[in-house]
1. For the stretch 80-140, what is the percent of antiparallel DSSP beta bridges, rounded to the nearest 5?
2. How high is the FRET efficiency between Gln10 and Asn133 when r is their beta carbon distance and R₀ equals 22 Å, given to the nearest 0.05?
3. With labels modelled as points extended 7 Å from the Cα through the Cβ direction, what inter-label distance (nm, one decimal) is found for Leu88 paired with Ser44?
4. Taking 0.36 nm per residue of separation and subtracting the Cα-Cα distance, what length does fully extending Arg64 through Asp99 add?
5. Once phi is turned into ³J(HN,Hα) by the Karplus curve 6.51 cos²θ - 1.76 cosθ + 1.60 with θ = phi - 60°, what whole-Hz value does each residue of the stretch 87-99 show in order, with x for glycine and proline?
6. Once amide H atoms are placed 1.01 Å from N in the peptide plane, what residues at a sequence separation of 5 or more from Phe120, or on another chain, have their amide H within under 5 Å of its amide H?
7. Between Asp30 and Glu53, what is the spin-label point distance in nm, taking each point 7 Å from the Cα along the Cα→C-beta axis?
Amino acid sequence: MTETVDPPGQPVLREMRWWDIEPVLELEKDLFPEDAWSRGMFWSDLAHARGPEATRRYLVAVDRHDDGDESARERIVGYAGLAAAGDLADVQTIAVARDHWGTGLGGRLLTELLRAATAFECAEVMLECRIDNIRAQKLYERFGFEAIGFRRGYYQPGNVDALVMRLTDPTTSVAGTQGTETNG
């Protein structure tokens, strides 16, 4: 992951590891009860996110609460993933705990995914977003993503359509986010 400075008092972003899967699954099931990813899906993607030939990048946002004793409590409050193939990247997932909505965490996670896409030398970034998830669509639009189509019944079992969005030249979008605060 590109070295970034986490804002004071904000969750720390770091690479997702296998021991993060259980807390990520809890958050996934809370946020996406009808179409949550399975444990196997996360394990599979993490397997492709390590080593010199890695084609995926997965991050978690960790909120650390120091209760005054030596053991600080950590809670995963967000996660994000990106897959790359050739010069095309695909945002696999972005999620932020409800109590962190509107804090800019979604924008920070998306910025890191776009940095990863740039590092993978991707010319375009694609994603699918639930047609009823207006909050996420607005985040993606702020970063320059444009709607290019639909995937009917993409999210199962609810049979919810996906809006397909594309960003050309992620380097421009990342450069435009330097020093700006986003709500997401």
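Read-outs throughout are calculated quantities, based only on the coordinates presented, and are distinct from any laboratory measurement. In this text the structure is predicted, and so the values were computed from the model without any measurement. Positions of Cβ are generated from backbone atoms using ideal geometry, with glycine treated the same way; all protein chains shown enter the neighbour counts.
1. On the way: 6 of 10 bridges.
Looking only at bridges with both residues in the stretch 80-140, the antiparallel portion is about 60 percent.
2. On the way: r = 23 Å, r/R0 = 1.05.
For R0 = 22 Å, the calculated efficiency reads 0.40.
3. Between Leu88 and Ser44, the simple spin-label model gives 1.8 nm.
4. Working: separation 35, 0.36 × 35 = 12.60 nm, distance 1.43 nm.
Difference between extended and current length: 11.2 nm.
5. Each residue's phi maps through the Karplus curve to give 9, 10, 10, 9, 6, 7, 6, 9, 8, 9, 4, 3, 6 Hz.
6. Here the answer is none, since no amide H 5 or more places off falls under 5 Å of that of Phe120.
7. Placing both labels 7 Å along Cα→Cβ, they lie 3.8 nm apart.
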